[in-house]
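For reference, the structure is listed below as structure tokens.
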Amino acid sequence: MTSIILILFFLSLFSIVFMIGRKLAFIKREQVVTEKEIMLEIPYLKDIKHLTFKNIKKYGYTLAVITVRYYVRGTNFLKNKYEKMKIRIMNRGNDKEVNGEGREISKFLKIISEYKHKIRRIKHEIKKEENL
């Protein structure tokens, strides 16, 4: 591992020495290349600030409109799905009644309802006998 690091170090050192040597050779021969300066036109800071605020306002407004539009669409979509699910749940319980079978009632509830009917009949008979 250390040998790889040493090899890389010496390679970079030799490449730096080679680059400096070439520059010195150019200077000795007086063949120094003058680099041309590239001038970029930069607008004034006030113009940049003005354009930035203008774009921020424009894109901010667009983003707000898009956000509100998707919010309204999303709530409408959820509302419609809620209504459809509500109808499906209501119809699920009524499927047996539509087929003519009726809903199944538990045995306990059947027994309770039978006792209620019997007690009502007995009360009614007692009222008839006593003429109330």
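Of all the numbered requirements in (1) at pLDDT below 85; (2) in contact with a helix residue (DSSP H, G or I) (Cβ under 9 Å, 6 or more places away or on another chain), N91 misses one, and that requirement is (1).
Within the range 51-88, work out how many residues are at pLDDT 90 or above and of a type in the set (G, A, S). Looking only at that region, the number is 1.
The values are calculated or read from the model by the stated rules, or taken from the named source; none is laboratory data. Source: prediction; values computed, not measured. Methodologically, a virtual Cβ is constructed for each residue, glycine included, from the backbone with ideal geometry; neighbour enumeration extends over all protein chains shown.
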